[in-house]
Amino acid sequence: MSKIILHVVEAPGGVERYLVTLLTKMKKYPEFEHILVCSDSLDLNKFKGIVKNVEVIHTMHNAINPCNDFKSILAVRKQIKKYKPDILYCHSSKAGAIGRVADIGLKNKVIYNAHGWSFNMKGASKKKLFVYKMIEKMLAPITDKIICISDYEKKSALDHKICKSEKLVVINNGIDLDEYKDLKPKSREELGIPKEAFVVGMIGRITPQKAPDVFVKMAALVKQRIPKAFFIIVGDDIGGDQYKQETEQLIESLGMSKNILITGWVDNPLDYADCFDVAVLLSRWEGFGLVLPEYMLLGKPIVGSRADAIPYVVGNAGVLVDIDDYEAAADAVIMLNKDKILRSKIIEKGKQRIKKFDSQITAFQTKDCFMSLC
């Protein structure tokens, strides 16, 4: 008889891509049956054929709202009682809190994956970070296993005394190494990009974490030195349009409106990234950065920030700069434009490093984690 794994998910973007890839690879383990309980922010079409059932909780959103959060807890608890899973697997901070509180007193095992600790956020107040840390500490005792998506995440959990080491298991984020075969690359003509342009792009939500403002400031400096440069942000704002509007205002104030394309949400961001000459991720905090191995898969040289797990993921397959240092980021992009030999070396190192982040390994290790609990 199959073991039932009930996944609770609120966040779209990287968490959603991670879960789609994981569950696709988990199909080779028929001893597990997967149920998805999620917010209405996810693209449910992506989960067809990889989960048995989907239950949508319309009140579950990233923003803190006591009324909606309480309703979400009750709704999730109802689904747990309905499906009686062997394991409840909660993904990301918000779903992790709602799911684990909803499960109090029930008999199933609980796994939690923060997908990047909320208390590592840069720019948040000390009070808010303290609250996030206390929530994680309070919920850890009712969690059987905490999956860390990188060695950095485990170290961070131990440094902040979230729980004991034996409760933590490191399972690297993984990507489908065969995904490139199914790409339908967008042509430069299709995107309105000059054929001869030197294209610098980033995939990521338009949020303070992903630092699109730093990307835009970097772009303005690069444009001064490389007139044929063009820039793409593949992503959108998930919390309304406020931060996107601020980003667009910054673009306009720097005179870059004709040189930066914001695609908005797209079904397959890698279709757009295929035209990048240099791929960028300048996050202010990052538990892993799933897009980094995706860049490597596409054979793109990387410019990344030294935020949290990014140096661990990138290794020698890119150029790293300090957080918020748009001038150093611009210098790195310009260097990669000029030095084709360096660019080729970095691309080759990425092709070797990508093997470490194979989603087949992620699925196998996740299966072992499930087996250890049921």
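Normalised by the number of residues in the range 179-357, the mean separation of alpha-carbon contacts (under 8 Å, six or more apart) gives a relative contact order of 23 percent. If contacts are Cα pairs under 8 angstrom and at least 6 residues apart, what is the relative contact order of the chain in percent? Computed value for the chain: 15 percent relative contact order.
Calculate, in nm to one decimal, what C67 and K81 gain on full extension: separation in residues at 0.36 nm each, minus their alpha carbon distance. Mind dumping the intermediate values first?
Details: separation 14, 0.36 × 14 = 5.04 nm, distance 2.16 nm.
Contour length minus the Cα-Cα distance gives 2.9 nm.
Applying the criteria of a DSSP loop state and at most 12 other Cβ atoms within 10 Å to the trypsin sites (Lys or Arg not before Pro) of the range 344-374 yields no site. The orientation-averaged projection of the convex hull spanning the C-alpha atoms of the chain amounts to 17.7 square nanometres.
Once you've got the Cα coordinates, tell me which of K164/K355; K300/K338; K94/K128; K3/K81; K126/K164; K25/K367 are over 19 Å apart. If you can, show how the numbers build up before the last one.
Details: K164/K355 30 Å; K300/K338 15 Å; K94/K128 14 Å; K3/K81 15 Å; K126/K164 24 Å; K25/K367 10 Å.
With Cα atoms farther than 19 Å apart: K164/K355; K126/K164.
Pulled fully out, how much extra length does the chain show between K351 and L44, if you take 0.36 nm times their separation in residues and subtract their Cα-Cα distance? Could the numbers behind the result be given before it?
Numbers: separation 307, 0.36 × 307 = 110.52 nm, distance 3.14 nm.
Length gained, K351 through L44: 107.4 nm.
Any chance you could check the Cα centroid distance between the range 154-217 and the range 1-70 for me, in angstrom? Spelled out, the Cα-based centre of one part sits 20 Å from the other.
Want the number for S344 to E196: 0.36 nm per residue separation, take away the alpha-carbon distance, what's left?
Numbers: separation 148, 0.36 × 148 = 53.28 nm, distance 1.92 nm.
The S344-E196 span can extend by a further 51.4 nm.
Rounded to 0.05, the FRET efficiency of the S165 and I142 pair, given R0 = 30 Å and the Cβ-Cβ distance, is 0.95.
By the gyration tensor of its Cα atoms, with a ≥ b ≥ c the square roots of the eigenvalues, what is the shape of the range 179-357: rounded for a/c under 1.5, prolate for a/b over b/c, or oblate? The partial results should precede the final answer.
On the way: a/c = 1.25, a/b = 1.21, b/c = 1.03.
Rounded.
Values in this text are rule-based calculations from the coordinates and carry no lab data. Just so we're clear, the structure is a prediction, and the values are computed from it rather than from any experiment. No Cβ is skipped: glycine too gets one built from the backbone with ideal geometry, and neighbour counts run over all protein chains shown.
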